[in-house]
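What follows is a set of notes on a single structure, which appears directly below.
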Amino acid sequence: MNRREFALSTTLSLGAIALPTRAQTPGFWDLLREGGCVVLMRHAQTEPGVGDPPNFTLGQCSTQRNLSEAGRQQARRVGAAFTRERVKLDQVRSSAWCRCVDTALLAFGQNTVWTPLNSFFGSSGGPDQSQDVLRDVQGWRAPRNLMLVTHQVNVTALTGEYLAMGEILVTRPTPAAGGEPGRLRVLARQTF
């Protein structure tokens, strides 16, 4: 195995570990203070695994893959950063999965479960859900900010970007073309 293959395999195997990296795009906090942002957050760090155990049930956290202790701390760091930076969120919405609800509540102290943010990993509902989100956020304007806490598959469908757990994208809606809204335009990102 060469050095590059080793680095890639090591990176992939550490995917569920909270690394101390704090990648930030310049202007992240300024954009949020300006408002008019649709902010996408992938849920915080979870226990190891992909997806959920077979026969999991929404509303029963014990049947799902949940936040790890590192993830709970990560969510609290996110909330502390938003408070420190004096960024106001007018609404916080999340997927019904416990890891998203818990992330939203630990970070922001508020949450409304919104079905279009539910994971569609392994199902065919993605395009319809994504269009529901894109249509709903078209009118989002300054000074308001909307936080959406969801899953990687949803964020990728909405933006074309892949996020680490606990990473946040600041976006703005793009004008609708041909009657259908386009993907959200990514302006900045932050890892906590």
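List every residue pair whose Cβ atoms lie under 7 Å apart, where the two residues are 6 or more positions apart in sequence or sit on different chains, the first residue falls within the range 166-190 and is under 17 Å from GLN138 (Cα atoms), and the second residue, located anywhere, is among the aromatic types (Phe, Trp, Tyr). Going by the 7 Å Cβ cut-off, the qualifying pairs are VAL170/PHE28; PRO173/TRP140.
Go through the residues of the range 79-102 one by one and say whether even a single one is surrounded by fewer than 15 Cβ atoms within 10 Å (Cβ to Cβ), assigned to a loop (DSSP other than H, G, I, E, B) and among the aromatic types (Phe, Trp, Tyr). No: the range 79-102 contains no residue that is surrounded by fewer than 15 Cβ atoms within 10 Å (Cβ to Cβ), assigned to a loop (DSSP other than H, G, I, E, B) and among the aromatic types (Phe, Trp, Tyr). Can you confirm whether LEU106 is more than 30 Å from ALA80 (Cβ to Cβ) and of a type in the set (A, V, I, L, M, F, W, C)? Criteria not met by LEU106.
Of all residues in the range 141-165, those satisfying the criterion of being among the polar types (S, T, N, Q) and touching a residue at least 40 places away in the same chain (Cβ under 8 Å) are ASN145, THR150, GLN152, ASN154, THR159. Hey, any hits in the range 59-77 for a residue that's surrounded by fewer than 23 Cβ atoms within 10 Å (Cβ to Cβ), within 24 Å of VAL186 (Cα to Cα) and either small (Gly, Ala, Ser) or in contact with a Pro (Cβ under 8 Å, 6 or more places away or on another chain) (or both)? There is no residue in the range 59-77 that is surrounded by fewer than 23 Cβ atoms within 10 Å (Cβ to Cβ), within 24 Å of VAL186 (Cα to Cα) and either small (Gly, Ala, Ser) or in contact with a Pro (Cβ under 8 Å, 6 or more places away or on another chain) (or both). With respect to (1) modelled with pLDDT of 90 or more; (2) more than 24 Å from ALA157 (Cα to Cα); (3) of a type in the set (A, V, I, L, M); (4) in a loop (DSSP other than H, G, I, E, B), the lone exception for ALA70 is condition (4). Against the list (1) more than 22 Å from GLU161 (Cβ to Cβ); (2) modelled with pLDDT of 95 or more; (3) out of contact with any helix residue (DSSP H, G or I) (no Cβ under 7 Å at 6 or more places or on another chain), the condition PRO54 fails is (2). In this structure, VAL113 does satisfy being of a type in the set (A, V, I, L, M) and closer than 19 Å to THR57 by Cα.
Taken as a whole, the range 97-110 holds at least one residue that is more than 25 Å from GLU34 (Cβ to Cβ) and of a type in the set (Phe, Trp, Tyr).
Based on what the data block shows, is ALA44 assigned to a loop (DSSP other than H, G, I, E, B), among the hydrophobic types (A, V, I, L, M, F, W, C), at pLDDT 95 or above and surrounded by 15 or more Cβ atoms within 10 Å (Cβ to Cβ)?
Numbers: assigned to a loop (DSSP other than H, G, I, E, B): yes; among the hydrophobic types (A, V, I, L, M, F, W, C): yes; at pLDDT 95 or above: yes; surrounded by 15 or more Cβ atoms within 10 Å (Cβ to Cβ): yes.
It is true that ALA44 is assigned to a loop (DSSP other than H, G, I, E, B), among the hydrophobic types (A, V, I, L, M, F, W, C), at pLDDT 95 or above and surrounded by 15 or more Cβ atoms within 10 Å (Cβ to Cβ).
Within the range 94-130, the set of residues being under 15 Å from MET41 (Cβ atoms) and of a type in the set (Ser, Thr, Tyr) comprises SER94, SER95, THR103, THR112, SER119.
The values are calculated or read from the model by the stated rules, or taken from the named source; none is laboratory data. Note that the structure is a prediction, hence the values are computed from the model and not measured. Note that each Cβ is placed from the backbone with ideal geometry, even for glycine, and that neighbours are counted across all protein chains shown.
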